[in-house]
Amino acid sequence: MTDLALYGTLRDPDILTIVLGRAGGEMPSARLSGYRVAMVAGQHYPMIRPEGGADCEIEILHGLDAGDLARLDFYEDVFGYTRITISHEARPLQIYLPPEGGSWPKGGVFDPVTWAVAHGALTRLAAQEIMSSYGIETAKAVAGRLPIIRARAQAHLRASDHPPAGKTSKRHMSIAHQETVYNGFFNLIDIAASYQRFDGSLSEPAGRLILDLGEAVTVLPYDPKRDLVLLIEQFRPAAVVQGDPNPWLLETVAGICDEGETYEQTAQREAREEAGVALHALHLIGRYYPSQGAVAQILISYIGLADLAQDYDSTHSLLAEGEDIRALTLPFDEAFRLVREARLSNAPLLLSLMALDRMRAERGWPSQ
């Protein structure tokens, strides 16, 4: 049986339970000489490094068997950590250390209680998704999509805080079955739930396959002086599956919210990445499900004011994300004619142009 030193986020009992697949039990505190633990500046996690004369607080997890260590190794390997043996009070003790030579901009002191309040809920959700791949995928494969895992967890937390708009709330609902049947950049969830009907009776469990995408922001750049909008065009495989003979679609700028970003920051970043344009003001259109019958995603849409004087007819791409995007500017009347003629295939662009038509009338755009 093996003893393990815990110094960081695994000191959270809920996260440890998720990773082990069981409760960790009592973990006595101790001091570990020769190491320092601190938050990484600008990040959501602490780091440990050898440092002469330093010491840090640890908790010791006793009696780990081979199965426990395999699960812990998988979880820590996602983050690039390696388990080694050190000596503590003349006895062998296992500990996970980060890669040698990695950058470590030291931040403030790591306090487990403070950390749990700020980052615990998101990290627990992310840990659940990570460990759902244990025994199915390699840690390296999971590590490659760690940003979207944490972004998806952030989206779920934000959704739980959003007030309902409808008249029905707090009716009975129970989940009979929920399982992730495919883990990837997008997840596929098999769920069966029963719910209280409007007549008060309880429905039979209804099974659905739900695509879990997280949150995304869309933004339509608009120049109120020149009355120009900026659109993007790109190839969309979903249109191929649908049988559309022209799968290059006109769209708004759009992108998934990264962890730690506000919606406004996502809009600004995506405008720079996809169109090379800076936005100097954002006007919220709304927050909505684009296809709530089968897709777990919320879109947050904006009109973004910009100076579109230069020629934005150009291509942009993030090769790491497989993007090939063309940006183009159109006079608003020309773009809105596509709305009137029912020629647009992209819902956020359709909604954004309709919202902009109303805003132009209310604000007296184009301004002179």
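The values are calculated or read from the model by the stated rules, or taken from the named source; none is laboratory data. Treat the numbers as computed from the prediction; the structure is a model and nothing was measured. So basically every Cβ, Gly included, is an ideal-geometry build from the backbone, and we count neighbours across all protein chains shown. Accessible surface is based on the protein model in full, side chains and every heavy atom, while ligands, DNA and RNA are left aside. Shrake-Rupley method; radii C 1.70, N 1.55, O 1.52, S 1.80 Å.
So what is the calculated 222 nm ellipticity per residue for the chain, using -39500 (n - 2.57) for each DSSP H run with n of 4 or more, over all residues, to the nearest 500 deg cm²/dmol?
Values: 10 runs with 101 residues, N = 368.
So the helix-based figure for the chain works out to -8000 deg cm²/dmol.
Between residue 17 and residue 44, residue separation times 0.36 nm minus the direct Cα-Cα distance comes to 7.7 nm.
Taking 0.36 nm per residue of separation and subtracting the current Cα-Cα distance, fully stretching the chain between residue 361 and residue 278 would add 27.5 nm. In region 186-285, a dipole from Cβ-located charges (positive for Lys and Arg, negative for Asp and Glu) runs towards its positive end, and of 246, 198, 209 it is 246 whose Cα lies farthest in that direction.
What is the antiparallel percent of DSSP beta bridges lying wholly in the chain, to the nearest 5?
On the way: 65 of 77 bridges.
Restricted to the chain, the bridges split so that about 85 percent are antiparallel.
When P(r) over Cα pairs in 10 Å bins from 0, in percent is calculated for this entry, the matching label among (1) 5, 24, 33, 25, 11, 2, 0; (2) 4, 19, 25, 21, 17, 9, 3, 0; (3) 5, 23, 34, 28, 9, 1 is (2). Projecting the Cα positions of 310, 338, 97 onto the charge dipole of the chain (unit charges on Cβ atoms of Lys, Arg, Asp and Glu, taken about the Cα centre) puts 338 furthest along the positive direction.
Less than 5 angstrom separates the built amide H of residue 79 from none of the residues sequence-distant by 5 or more or on a different chain.
Site pair residue 146 and residue 341 shows an inter-label distance of 4.9 nm when each label is modelled 7 Å from Cα along Cα→Cβ.
Put a plus charge on the Cβ of each Lys and Arg, a minus charge on the Cβ of each Asp and Glu, and nothing anywhere else: the dipole of region 267-313 about its Cα centre is then about 340 debye. Taking the Cα centre of the chain as origin and assigning +1 to Lys and Arg Cβ atoms and -1 to Asp and Glu Cβ atoms, the resulting dipole is close to 760 debye.
For 340, 272, write out the residues from largest to smallest accessible area, computed with a 1.4 angstrom probe and no ligands counted. Before the final figure, lay out each step's value.
Numbers: 340 180, 272 140 Å².
Greatest to least solvent exposure: 340, 272.
Radius of gyration (Cα atoms) of region 19-104, expressed as a multiple of 2.2 N^0.38 Å: 1.13.
Using the beta-carbon distance between residue 1 and residue 206 and R0 = 41 Å, what value does 1/(1 + (r/R0)^6) give for FRET efficiency, to the nearest 0.05? Don't skip to the answer; put the middle values down first.
Working: r = 46 Å, r/R0 = 1.13.
Plugging the Cβ-Cβ distance into 1/(1 + (r/R0)^6) gives 0.30.
Please work out whether region 46-149 counts as rounded, prolate or oblate from its C-alpha gyration tensor, where a ≥ b ≥ c are the square roots of the eigenvalues and a/c under 1.5 means rounded, while otherwise a/b larger than b/c means prolate and anything else oblate?
Oblate is the answer for region 46-149, as a/c is 1.5 or above yet b/c matches or exceeds a/b.
For residue 51, the accessible area of its heavy atoms, probed at 1.4 Å with every protein chain present, is near 60 square angstrom. Shown is the FRET efficiency for residue 333 and residue 262, computed with R0 = 35 Å from the Cβ-Cβ distance and rounded to the nearest 0.05: 0.60. Note that the chain presents 53 Å² accessible area per residue, ligands and nucleic acids not counted, probe 1.4 Å.
Please report the net charge: other residues with Cβ closer than 13 Å to the Cβ of residue 190, K and R +1, D and E -1. Don't skip to the answer; put the middle values down first.
Working: positive: 208; negative: 179, 212.
Neighbourhood net charge equals -1.
Which value, to two decimals, describes the C-alpha radius of gyration of region 124-222 once divided by 2.2 N^0.38 Å? Compactness ratio reported: 1.32. If only the Cβ of Lys and Arg carry +1 and only the Cβ of Asp and Glu carry -1, the dipole of region 243-368 around its Cα centre is close to 580 debye.
Carbon and sulfur atoms: what percent of the 1.4 Å accessible area of region 219-305 do they account for? Each step should come with its number before you reach the end.
Working: 2130 of 3830 Å².
C and S fraction of accessible area: 56 percent.
Accessible area ranking (1.4 Å probe, heavy atoms, ligands and nucleic acids excluded), largest first, for 110, 185: 185, 110.
How much length is gained if the chain between residue 161 and residue 227 is pulled fully straight, taking 0.36 nm per residue apart and subtracting their Cα-Cα distance, in nm to one decimal?
Working: separation 66, 0.36 × 66 = 23.76 nm, distance 3.69 nm.
Taking residue 161 through residue 227 to full extension adds about 20.1 nm, to one decimal.
Positive end of the dipole of the chain (Cβ unit charges, origin at the Cα centre): among 60, 219, 10, the Cα lying farthest that way belongs to 219.
Report in % the part of the accessible area of region 91-177 that belongs to carbon and sulfur, leaving out ligands and nucleic acids; probe 1.4 Å.
Working: 3090 of 5210 Å².
Carbon-and-sulfur percentage of accessible area, whole number: 59.
In this view, the solvent-accessible surface of residue 29, computed with a 1.4 Å probe and all protein chains in place, comes to about 80 Å².
Structure remark: mean-square fluctuation, Gaussian network model of the chain, C-alpha springs under 10 Å; the largest value among 193, 143, 90 belongs to 90. Distance from the Cα centroid of region 140-159 to that of region 14-42 is 22 Å (rounded to whole angstrom).
Shape descriptor for region 226-357: Rg over Rh equals 0.93 (Cα atoms; Rh from the Kirkwood inverse mean 1/r).
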